[in-house]
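A quick write-up on the structure given underneath.
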There are 2 protein chains.
Amino acid sequence: MDVFEAMRERRSVRRYADRPVEDTTLERVLEAARQAPSWANTQCWRFVVVRDPQTKQRIAEATPEGNPGRKALAQAPVVICACAQTGVSGFFNGKASTALGDWFLFDLGLAMSQLTLAAHALGLGTVHVGLIDTVKVGELLGLPADVKFVEAVPLGYPEKPSKPTPRKSPAELVKQERWS
Amino acid sequence: MDVFEAMRERRSVRRYADRPVEDTTLERVLEAARQAPSWANTQCWRFVVVRDPQTKQRIAEATPEGNPGRKALAQAPVVICACAQTGVSGFFNGKASTALGDWFLFDLGLAMSQLTLAAHALGLGTVHVGLIDTVKVGELLGLPADVKFVEAVPLGYPEKPSKPTPRKSPAELVKQERWS
């Protein structure tokens, strides 16, 4: 699929067909994330792939009731838990290099962008579920102290096409040379 | 360009040909960022497009001497300054919704991933320059108090092809069902 088409047509998908995700397809999706750039190529991202229905249900229960991502996490055949090794991205010689501190969220964004674009190109649907008790899911997954859970991304074949969501106009987002 | 090819072949590019970037090409690159998903579709990203040689030079001087991004920022025909409206992404009713606080770095990662993939597909080179005095550049650009400068991305036609950088193996990055 053309890269511009993938970016233009990718949607948040929260309902999935009753169809498993093939191992080779899942590998291609994870491979796309692996190829992302990162702070000094530190690659702080880590992925826990969950297929076990009980674990998926517990992850879903870590989201607020009424959150549209909740059912998606319980229903999807696969849930990818995006985690980050902390104290690496944005650091040099053990110290944060900028006023923004640990950059793991930025690098996770780069990787999860590639993962979700690849999924769309393979006919799969995803949604970023960040509104979730990250501490609880980290405990559930048995993450070590220096690894943080960031978001859960359900992955499955869409039940039906999703509608596009609006975006701010270019004039609202882009300035020339200086803010004002 | 195929989306998998774009992800596989995109490189960090730090030397640019003496060739301007057409306005319509720049618009396509920014359009790709605009289409990214974000926390509750809040779209906290803002872009300041810099072409003025003096401003580019000052941004370059906000990076440490010896940083390979420094020359790239001064030399590139365009520098895209990625900024974030704070207090929006990751928030609900004015409060941070998760233990990770403000999610602007994650959403900026999503947008800048799409921007750099689009640039590559159009024959342009980019590099993420995050090792930079973000406060100093924010002042230089005249950002308001609630908008933070995140990173600078030089944009131009590559002088020559870049070599790929290695990645950790899938086994180092991916775990099944649980961390351990």
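The table that follows gives values for the structure above.
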| quantity | calculated |
| --- | --- |
| Among the residues listed as A:S97, A:S180, the single one being surrounded by 20 or more Cβ atoms within 10 Å (Cβ to Cβ), within 27 Å of B:L143 (Cβ to Cβ) and facing another protein chain (nearest Cβ under 9 Å) | A:S97 |
| From the options B:V137, B:V150, residue that is crowded, with 19+ Cβ neighbours inside 10 Å, under 30 Å from A:L143 (Cα atoms) and touching a strand residue (DSSP E or B) at 6+ places or on another chain (Cβ under 7 Å) | B:V150 |
| Test: B:A99 is within 30 Å of A:N67 (Cβ to Cβ) and in a strand (DSSP E or B) | no |
| Some residue of the stretch A:116-134 being of a type in the set (S, T, N, Q) and assigned to a helix (DSSP H, G or I) | yes |
| Count of residues meeting criterion [farther than 29 Å from A:R15 by Cα, modelled with pLDDT of 95 or more and not in a loop (DSSP other than H, G, I, E, B)] in the stretch A:73-96 | 4 |
| Among residues of the stretch B:71-94, those that are surrounded by fewer than 21 Cβ atoms within 10 Å (Cβ to Cβ), at negative phi and more than 13 Å from chain A (Cβ to nearest Cβ), counted | 4 |
| Matching residues in the stretch A:1-25 - criterion: being within 14 Å of the chain's Cα centre (by Cα) and not in a loop (DSSP other than H, G, I, E, B) | A:S12 |
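The values are calculated or read from the model by the stated rules, or taken from the named source; none is laboratory data. Not measured: the values here are computed from a predicted model. Because the Cβ atoms are built from the backbone with ideal geometry, glycine has one as well, and the counts that use them run over all protein chains shown.
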